[in-house]
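Comments concern the structure below.
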Amino acid sequence: MNGVLTALRTEAARCRDMRFGELPNRTRTTAHHSLLDWLGCAVAGATEDASRLALEALAPDPGSHVVIGSRPVAGWRDAILLNGVHGHALDFDDMLPEIQGHPSAAVFPALFILGDDRGSTVAEVLEAYVAGVEIGAWVARRVMPEHYDVGWHGTGTMGVFAAAAACAKLLDLDEDQWISALDFAATQSAGLRSLFGTPGKPLHAGKSAEAGALAARLSRAGAVSHGQGLTAERGFFTVYGAGKTAPAEPAGNTWALDGVLYKVYASCYMTQSVVDGALEMRERAGGAPITAIEVTVSPKLRDVCAIEDPQNANEAKFSVHATTALGLLGHDLASEQTFSPEALAGAGYRALRERVTLTYDDQLAGNEPRSRMRVELDSGTVLETDRDRGLPERDLAAREATLTRKVRGLVEPLLGSRAVTDLIATALDPSSALGDLRLGDLRLDT
């Protein structure tokens, strides 16, 4: 047995043996927060064009599983895929720097369908989620950041491992079955960054969840592999590793999930600090006319969120130029309406966006959630700020309050106050049955 396969078996054994109630409080709380955040994004995301197009294209046959926010019920694979698209359609869900992607949208859709079949509790689903994210991060350390830099998207390529491991945990597979499930995940790994700003990006989450569930079910059914999908000479680590020769050091958390970051604004995570800076500059400028805006970021943002003249909401969410201008104008970037065609066609927005200059600083490479902003007023006054969104919130109560407001803002206009109150309470209660989330009721009238 090669050394990498031995290490993989050791990590899988650690995750198989882990129990939710024995995890550190921060890890358990973070798992609840990710569940809450994803549910809000999935319900609201059901109204997005990407979700409508996916449903139309898939044309699922009738089944018994709920597609959150939609009228149809579908077979397990279709339901998982569509719920994955819904959860990532807004691009408002959590992200984990270690996997360079969005863990909840790639994992929870699979756990919800399999967990519903098994009558699982919220704690059991979250236990599986922590294990899945851990394995996804373990794989990522052996290919990142080179893997991301050459054009792969972690939600699609690392998310499938996280989903497969999470499902293996929930289905109580043995060690050899875990290894087989991860092999079958490896051969389904896909997702290109070149699709950012299109309906292809939320498809990465849906396909990861679907493929991960299929990989685990295939292994449970008796299909056998022995680690060659990941560790063979032409396995995943070699083919997808972009020349990486040694694994990255872990981020220093007890469990990888502890490093997850949550979005305050409905745009790419690499624009979150930019919006912070723009809102600060708006307040400091006090309404004075602005002559020029310079935003300095990591060079890695060049082909991620540097769309200079976005033509639609999806593109605007991946545009430092657009999010800067919208923030300076005082728009609420947590609201989808901010990214409407009307807002992007406004003369004031367009004039301000054209004054934005994007520059790159090699010293920011590896710290993509950080940005600097320099604003010059007509008076000649120069304002500067340096903002960073790269560190998890330490105050768990404050984070829960923020996420609760976010979910209320997303779900209440669609389902009403009572439904969102019940949703929040159940997501934060580990003893609740998964069925208590009443996912079948989370369907919109539209």
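Checked against the criterion of being in contact (Cβ under 8 Å) with a residue 60 or more places away in the chain and over 25 Å from the mean Cα position of the chain (by Cα), region 339-355 contains one or more residues that satisfy it.
Entry remark, region 132-190: residues being among the acidic types (Asp, Glu) and under 16 Å from the mean Cα position of the chain (by Cα) number 1 in total. Do you know which residues across region 391-416 are in a helix (DSSP H, G or I), within 19 Å of the chain's Cα centre (by Cα) and either among the hydrophobic types (A, V, I, L, M, F, W, C) or at positive phi (or both)? Of everything in region 391-416, those that are in a helix (DSSP H, G or I), within 19 Å of the chain's Cα centre (by Cα) and either among the hydrophobic types (A, V, I, L, M, F, W, C) or at positive phi (or both) turn out to be LEU403, VAL407, LEU410, VAL411.
If you go through region 243-264 and keep only what is closer than 25 Å to ASP149 by Cβ, in a loop (DSSP other than H, G, I, E, B) and touching a helix residue (DSSP H, G or I) at 6+ places or on another chain (Cβ under 9 Å), you end up with GLY243, LYS244, PRO247, ALA248, PRO250, ALA251, GLY252, ASN253, VAL260, TYR262, LYS263.
For region 283-311, residues that are within 21 Å of the chain's Cα centre (by Cα) and assigned to a loop (DSSP other than H, G, I, E, B) total 4.
The set of residues in region 315-336 that are assigned to a helix (DSSP H, G or I) and surrounded by 24 or more Cβ atoms within 10 Å (Cβ to Cβ) comprises ALA316, VAL320, HIS321, ALA322, THR323, THR324, ALA325, LEU326, GLY327, LEU328. Suppose we keep only residues that are touching a helix residue (DSSP H, G or I) at 6+ places or on another chain (Cβ under 9 Å) and charged (D, E, K, R) within region 1-28. Which one would you say is nearest to GLU233 (Cα to Cα)? The extreme case among them is ARG9. Take ALA105 and tell me if it is hydrophobic (A, V, I, L, M, F, W, C), crowded, with 24+ Cβ neighbours inside 10 Å and in contact (Cβ under 8 Å) with a residue 60 or more places away in the chain. Spelling it out, ALA105 is indeed hydrophobic (A, V, I, L, M, F, W, C), crowded, with 24+ Cβ neighbours inside 10 Å and in contact (Cβ under 8 Å) with a residue 60 or more places away in the chain.
Rule-based calculations on the coordinates, nothing more; no lab input. All of these numbers come straight from a predicted model, not from anything done at the bench. Neighbour counts are summed over all protein chains in view; Cβ atoms, including those assigned to glycine, are modelled from backbone coordinates with ideal geometry.
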